[in-house]
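A short reminder: the numbers here are calculations on the coordinates, not readings from a lab. From a predicted model like this one, the values you see are computed outputs, not experimental measurements. A quick note on method: Cβ atoms are made from the backbone with ideal geometry, for glycine too, and the neighbour counts reach across all protein chains shown.
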Amino acid sequence: MKPLIGVNHSAMECTSLSTSAPIWQDVLAQAMTGELLAAMNYTALSEICDDPAEVADALEHAEGERGHAAAFAAEGRKIGVDVTNNVDAKHWKRLRDAFMRCIAERDFIGCLIVQEVMLESFAVASYSRVGKVAPGSLGKTFAAIAAEEEEHIDHAMAILRTERALDAQRFDDKVYRLHLDVMTTLAKMLAKECKDGHCEVCHTSCVKPSLFDVSLSAAELRGASLQQYLKTLDMLGIPGEETLAWVTQLPV
Amino acid sequence: MGNSVAGIAGRGRTIEVDFALIGHQESWGAAADVLAVLRGPERTPLPDDEIRDILPWIPPRAVCHVDVGSIVGAKARGLYIDSFIPPDHLEAAYVHENIARVRGAAAYAIKAGAKIVSLGGFSSILIEGNFDQLPERHDTVFTTGNTLTVGFIVQGIKKMCALEGRNISKSTLLIVGATGDVGSGCARCLAPLVKRALLCARNVERLRRLAAELQADGLPVEIATDLQRFSAEGDVVICAASLASPSLLLGRIAPHALVCDAGYPKNLSPRTEMLDAKVFFGGLGQITGGLRFAPDFHGILNRHPFPDVVHGCLLEGMALALEGRFEPFSQGRGSITQERVEEIETIAARHGIYLAPLYNADGPVEDGLHCQTEWSRG
């Protein structure tokens, strides 16, 4: 039966988004910052690769990440918010510094571990959760980008597994050293409350307490991210009892 | 014999695994203790709210290595794998989620190369009727461990009767949860020894089948789906079902009944409307040939008032590993016989695995026994 009054779906979506737009603005700002940082990381990686195929690969990934950042900015415009970014914000800068230390050492494997195992686990898990609850094209964009990021991880896994097969002990020690550096920072970012003051990405106060209003929570994003990280470490073959201890020792 | 352990190659390398034990924590307190050990003494323990937020996201995985020794010199090496079922998700509403977690733990055990896997606690209950839901396996066998659990329940009943000066042949036995794998095994072992056996369970068809089987052997058996009908009549009671509301039974129990809490988790307390009934925890065994956890989870993973006490379901896999018998000793539901119970008891005893000292939520029930260490219930 035809409705007596036509229902304009996009009008309803806009109404619902208008109340939550400031929350999505901050969620998008964090995601966009992460994507731009990843683009910078891949560009830097291309400069230490010897194999032309690896150089091309890294540059292609950098371009892809810039595309993701642009897609998030476009989603912001659709809901009437300006999505800013700040790759120099304190947590993001620390993550960037950790990656650049690997670059300085021309440590290709270390770069892959930081970017693909740690940062991408966080991106895939959190984008997937956001993709499930965000309305309309916003949700679809997050879900689609999560799927693309997951492909990155698959690509890197083959290289990392081959590396681990050469010397498992040495490889696991390297992952642990990088874990202490990178995952400690990510854990602070993912903590239920920001204990070190403003993150320098959210446009006003911290977005975390408001996430409940869009059916998300900081605890859920952290849980999903750590779960994805543990599963990625499992795929590398690192003993689960060790990675469990690593994760339980992170700050909360 | 089970001297099949290869040397440990070091951290990050493959270690030969004879057995795996799949379990989970019964309470948030127990989960907090496990995470505290993993965090190490130099870090502050995680607050309760953080534990409740984090634990449900942890994928099934090994928590520690377990070395078990036999009194005849055999050794076996294993893993304790936690399915990380949240302690407040043990109800039927979470059954599909929990089966998925046990499947994940089983897959982990297979990948680790475990030759035999024991399903502990709720894992056993979930899988005993769903073995086909375990992942495809090649050189790994699974056992619910229920046969040795039945053996220790039966031994405990006999010991408690002796301690209390009861003649078991003059007793009326009530089994709550009689059609489950453990309950029906207890019925087959104990019905021939008692004057009268009362079987209680929710599924009347299964009850009728079990009663017919026992009656065919000339045993005096009665059945009921309504617990209230029998609860005041049993003077030896086995609670083999994890009652959602134990007080349903305990409020009407015969005043001097001997009550074996054989359910999971153990939740019958002598303080709850029990009058003079004697409650003890059943199905537990003690390793006398040596048990070592790495890292050290003694008293954390086995939270009992006596050393090296472990649930019978887990001990079955350890005993079979020490024996070098990597076979699915207990599978499915309702196939535990007295002969199989005697067989696994013999294997366990050969390696120094015996009935644990009897205790309940208040501590030891045998005079003259003292807890080795102060223990806490989660």
What percentages make up the Cα-Cα pair-distance distribution of the protein assembly as shown when the bins are 20 Å wide from 0? 18, 43, 28, 11, 0
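Taking a ≥ b ≥ c as the square roots of the Cα gyration tensor eigenvalues, with a/c under 1.5 meaning rounded and otherwise prolate when a/b beats b/c, else oblate, which class fits the stretch A:21-248? Please list the in-between numbers first.
Details: a/c = 1.76, a/b = 1.42, b/c = 1.24.
Verdict is prolate for the stretch A:21-248.
Which whole number gives the average count of other chain Cβ atoms within 10 Å of the Cβ atoms across peptide A:233-246?
Working: counts 1, 4, 0, 0, 3, 2, 10, 12, 13, 4, 3, 11, 8, 1.
For this peptide, the per-residue mean of nearby foreign Cβ atoms is 5.
Rounded, prolate or oblate: which one fits the stretch B:148-284, using the alpha carbon gyration tensor with axes a ≥ b ≥ c (rounded when a/c is under 1.5, else prolate when a/b beats b/c, else oblate)? Could you put the intermediate results ahead of the total?
Values: a/c = 1.42, a/b = 1.21, b/c = 1.18.
The shape class here is rounded.
So for chain B, Kirkwood radius off the Cα pairs, Stokes-Einstein at 10 °C and 1.306 mPa s: how many µm² s⁻¹?
Working: Rh = 21.0 Å.
Using the Kirkwood radius from Cα pairs, D works out to 76 µm²/s.
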Residue by residue through the stretch B:341-346, the couplings from Karplus 6.51 cos²θ - 1.76 cosθ + 1.60 with θ = phi - 60°, in Hz, x for Gly and Pro, are 5, 5, 5, 6, 4, 5
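Which loop GluC sites (Glu not before Pro) in the stretch A:82-125, with loop taken from DSSP, have no more than 12 other Cβ atoms within 10 angstrom of their Cβ?
Details: sites: A:Glu105, A:Glu116, A:Glu120; in loops: A:Glu105.
Taking the stretch A:82-125 and a limit of 12 other Cβ atoms within 10 Å, the loop GluC sites (Glu not before Pro) found are A:Glu105.
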Could you go through the stretch B:101-108 in sequence order and give the Karplus-derived ³J(HN,Hα) for each residue, using 6.51 cos²θ - 1.76 cosθ + 1.60 with θ = phi - 60°, rounded to whole Hz, and x for Gly and Pro? 5, 5, 4, x, 5, 5, 4, 5
Sorting check: for B:70-83, B:201-214, A:236-249, which peptide has the highest mean count of neighbouring beta carbons within 10 Å, and how do the rest follow? B:70-83, A:236-249, B:201-214
Between the alpha carbon centres of the stretch A:211-252 and the stretch B:336-370 the gap in Å comes to 40
Please compute, for the alpha-carbon atoms of the stretch B:79-186, the extent along each of the three principal axes and give them in descending order in Å. 50, 32, 22
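Counting alpha carbon pairs within less than 8 Å and at least 6 residues apart, what relative contact order, in whole percent, applies to the stretch A:21-248?
Working: 269 pairs, mean separation 54.0, N = 228.
About 24 percent, as a whole number.
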Counting only DSSP beta bridges with both residues in the stretch B:148-284, what percent are antiparallel, rounded to the nearest 5? 0
Expected vector for the stretch B:353-359, Karplus 3J(HN,Hα) from phi with 6.51, -1.76, 1.60 and θ = phi - 60°, integer Hz, x for Gly and Pro, equals 9, 10, 4, 6, x, 7, 8
Partner lysines whose C-alpha sits under 16 Å from that of B:Lys170, ignoring same-chain residues fewer than 8 away, are B:Lys158, B:Lys159, B:Lys195
Where the centre of each part is set by its Cα atoms, how far does the stretch A:115-155 sit from the stretch B:196-232, in angstrom? 55
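Exceeding 20 Å between C-alpha atoms, which entries from my cross-link table qualify? They are A:Lys90/A:Lys231; A:Lys93/A:Lys188; B:Lys75/B:Lys266. Don't skip to the answer; put the middle values down first.
Numbers: A:Lys90/A:Lys231 28 Å; A:Lys93/A:Lys188 13 Å; B:Lys75/B:Lys266 30 Å.
The answer is A:Lys90/A:Lys231; B:Lys75/B:Lys266.
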Using alpha-carbon positions, the gyration tensor of the stretch B:1-149 gives root eigenvalues a ≥ b ≥ c; with a/c under 1.5 called rounded, otherwise prolate if a/b exceeds b/c, else oblate, the class is oblate
